[in-house]
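Every read-out reported here was derived from the displayed coordinates using simple, explicitly stated rules and does not represent laboratory data. Keep in mind that this is a model prediction, so the values were computed, not measured. Because the Cβ atoms are built from the backbone with ideal geometry, glycine has one as well, and the counts that use them run over all protein chains shown.
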Amino acid sequence: MFVDTFLKAKENLEKIGYLDIEHSNEFDYENEFIKLKKSKDAVLLAHYYQNAQIQELADFLGDSLYLAQAAVKVKAKMIVFAGVHFMAETAKIINPSKKVLLPDLKAGCSLAESCPPKEFAEFKAQYPDAVVVSYINCTAEIKALSDIVCTSSNAKRVIHSIDRSKRIIFAPDKNLGHFLIKELNRPMILWDGACMVHEAFSFDKIVKMAQQYPRAKFIAHPESESPILDLAHYIGSTSGLLNYVQNDDASQYIVATEAGILHQMQKVCPQKEFIPAPVQDDTCACSECAYMKLNTMQKLYNCLKFELPEIILDQQLMKQAKVPIDRMLELG
Ligand code: 13P
Ligand code: SF4
């Protein structure tokens, strides 16, 4: 489905010569985008992992839960989604009649890709009595196979809503799954998926860094591996981490999640210091999500100008995938 959508959109883009369009150095993408947004009755939804310029332009900026809730409230005709494919897909499922644009259809997600629908359906069939809870970082096909969706912000609440007597399949993130099992003291059957950004953090280097900054608190996103989470003073979603640094009295933090969130942290706490947690590979910028960072100002402008690439999904699939999303949203 993802590949088909991508190829179809790419063909359309090539037909109109979109890929070759270049603007002069003086072209002000930011201002032109703002003008276009107004004239076309569009809104920009952006995740905290976007670059600072895109975050500053967003009409709705937040974590995965906030963006799904915001998608429900959108009155505009069109949504430009500065995030990754599963997020734009979720916004489309919530708003089937609106045009949802994703500036670069290659903006996928390693976690979503780690859970192919056919294999997941076979896995699910082994536990016919289990309730399926899927983390929002998955494809529409996986959502359609699920009973309820959750994000890292509301996962505990979602699981609490399921009767203790029921078995639970949790997919696709095994790290978030292990964290929830421990926190809630509730066994779950886990799918073996992970996010490559949150798995890149180095335990040894974080320990060394903590010695180097003895006053710093270490905070982490629950997509990180268990040994890393065991070191953390606080574990939470991107919004959770952002709230924590505002309400806590430390002045230095080592942050184990995608580095884009540091922009907001620095903005709301200008007097504090935020240090990205070190990764295993010194040669890469692995604490940046390469998929998230595919979105640029130029792509944002071009996608709104040509209203392409658009998220197009099968109507029946959207209907099925909406049920577990609505269940999550109803929980508040
Ligand atoms: P949250 O936005 O729920 O914190 O999740 C982070 C993430 O990995 C988004 O891709
Ligand atoms: Fe997916 Fe990880 Fe990137 Fe989030 S940070 S979009 S989970 S690859």
* To do: Could you calculate the FRET efficiency of ILE34 with SER165 from 1/(1 + (r/R0)^6), where r is the beta carbon distance between them and R0 is 51 Å, rounded to 0.05?
  => 0.45
* Asked: Label-point separation (nm) for GLU307 and TYR213, each offset 7 Å from Cα along Cα-to-Cβ?
  -> 4.7
* Structure fact -> Rounded to one decimal in Å, the inverse mean reciprocal Cα-Cα distance for the range 160-282, i.e. its Kirkwood radius, is 15.3
* To do: Place a label point 7 angstrom from the Cα of GLU330 along the Cα-to-Cβ direction, then list the residues of the range 40-71 whose backbone nitrogen is under 17 Å away.
  => 69
* **Rounded if a/c under 1.5, otherwise prolate or oblate - the range 39-99, Cα gyration tensor axes** => oblate
* Structure fact -> Any aspartates and glutamates whose Cα falls less than 18 Å from that of LYS166, other than same-chain ones fewer than 8 residues away, would be ASP129, ASP147, GLU183
* Size of the range 159-229 as Cα extents on the principal axes (Å, biggest first) -> 47, 23, 14
* Roughly how big is the chain's charge dipole about its Cα centre, with Cβ charges of +1 (Lys, Arg) and -1 (Asp, Glu), in debye to the nearest 20? -> 1020
* Which percent, to the nearest 5, of DSSP beta bridges fully inside the chain are antiparallel? -> 5
* Structure fact -> For LYS293, counting only aspartates and glutamates whose alpha-carbon sits under 13 Å away and dropping same-chain residues fewer than eight positions off, the answer is ASP104, GLU258
* To do: Apply 1/(1 + (r/R0)^6) to the Cβ-Cβ distance of GLN252 and PHE203, taking R0 = 25 Å, and write down the FRET efficiency to the nearest 0.05.
  => 0.80
* **Helix-only CD estimate at 222 nm, as mean residue ellipticity for the chain, using -39500 (n - 2.57) per DSSP H run (n ≥ 4)** => -12500 deg cm²/dmol
* Structure fact -> Sites removed, the longest contiguous part of the chain containing no DSSP-loop GluC sites (Glu not before Pro) with at most 10 other Cβ within 10 Å is 27-332
* Structure fact -> Residue separation between GLN53 and LYS182 times 0.36 nm, minus their alpha-carbon distance, gives in nm 42.6 nm
* Structure fact -> Everything considered on the Cα gyration tensor (a ≥ b ≥ c; rounded for a/c under 1.5, else prolate if a/b is larger than b/c, else oblate), the chain must be described as oblate
